[in-house]
Amino acid sequence: MARIDEIAREDALGAEGQSVVTLDQQSVGRLSRMDALQNQAMAKAQQARRDLERRRLTHALAAMEDGEYGYCEDCGEDIPLPRLRLDPAATRCVSCASG
């Protein structure tokens with residue numbers, strides 16, 4: 001839950017970076033605009049990563065409520081605790097994740 005709250009705070013900080021880059025060649029040169037567009041693309045990519053992490057964590061919380069947390073979705077075996085500590089949203093054991 002703490003990480004989901006932290007992601008929400010990061011969303012607020014990243015919102016400005018995703019805004020539309022205006023074309024005003026009087027105040028911003030072509031290279032500055034290209035830099036702004038690149039920064040915007042990076043901000044959108046970071047938002048996509050945060051969205052994915054939020055969905056994975058929300059899914060893990062739902063699995064906890066259903067009593068299904070900590071079991072591999074492929075083989076049904078327990079996911080080792082060190083793996084869950086590393087990635088609380090892990091849904092597969094190491095064997096199944098590695099193929």
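Tell me, yes or no, whether the stretch 59-78 has at least one residue that is in a helix (DSSP H, G or I) and in contact (Cβ under 8 Å) with a residue 40 or more places away in the chain. Steps first, please.
Step one: filter the stretch 59-78 for residues in a helix (DSSP H, G or I), giving 59-66.
Among the residues that remain, those that are also in contact (Cβ under 8 Å) with a residue 40 or more places away in the chain are: 61.
Yes, the stretch 59-78 contains at least one residue that is in a helix (DSSP H, G or I) and in contact (Cβ under 8 Å) with a residue 40 or more places away in the chain.
On the basis of being in a helix (DSSP H, G or I) and either on the phi > 0 side of the Ramachandran plot or not assigned by TED's automatic domain parsing to the domain that holds residue 6 (or both), does residue 83 make the cut?
So residue 83 fits the description; yes.
If you go through the stretch 61-89, how many residues are within 17 Å of residue 99 (Cα to Cα) and either in contact with a helix residue (DSSP H, G or I) (Cβ under 6 Å, 6 or more places away or on another chain) or not aliphatic (A, V, I, L, M) (or both)?
10
Out of the residues in the stretch 90-99 meeting the condition of being out of contact with any helix residue (DSSP H, G or I) (no Cβ under 6 Å at 6 or more places or on another chain) and not in a helix (DSSP H, G or I), tell me which one is surrounded by the fewest Cβ atoms within 10 Å (Cβ to Cβ).
99
Could you check the stretch 41-58 and list, in sequence order, the residues that are farther than 13 Å from residue 7 by Cβ and either in contact (Cβ under 8 Å) with a residue 24 or more places away in the chain or charged (D, E, K, R) (or both)?
Taking the stretch 41-58 and keeping what is farther than 13 Å from residue 7 by Cβ, we get 41-45.
Within the stretch 41-58, 42, 43, 44 qualify.
Here is a yes/no grid of residues against (1) at pLDDT below 95; (2) in the same structural domain as residue 94 (by TED's automatic domain parsing); (3) surrounded by 15 or more Cβ atoms within 10 Å (Cβ to Cβ); (4) in contact with a helix residue (DSSP H, G or I) (Cβ under 8 Å, 6 or more places away or on another chain):
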residue	(1), (2), (3), (4)
19	yes, no, no, yes
22	yes, no, no, no
26	yes, no, no, no
31	yes, no, no, no
40	yes, no, yes, yes
55	no, no, no, no
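The values are calculated or read from the model by the stated rules, or taken from the named source; none is laboratory data. Just so we're clear, the structure is a prediction, and the values are computed from it rather than from any experiment. All Cβ positions, even for glycine, are placed from backbone atoms using ideal geometry, and neighbour counts span all protein chains on display.
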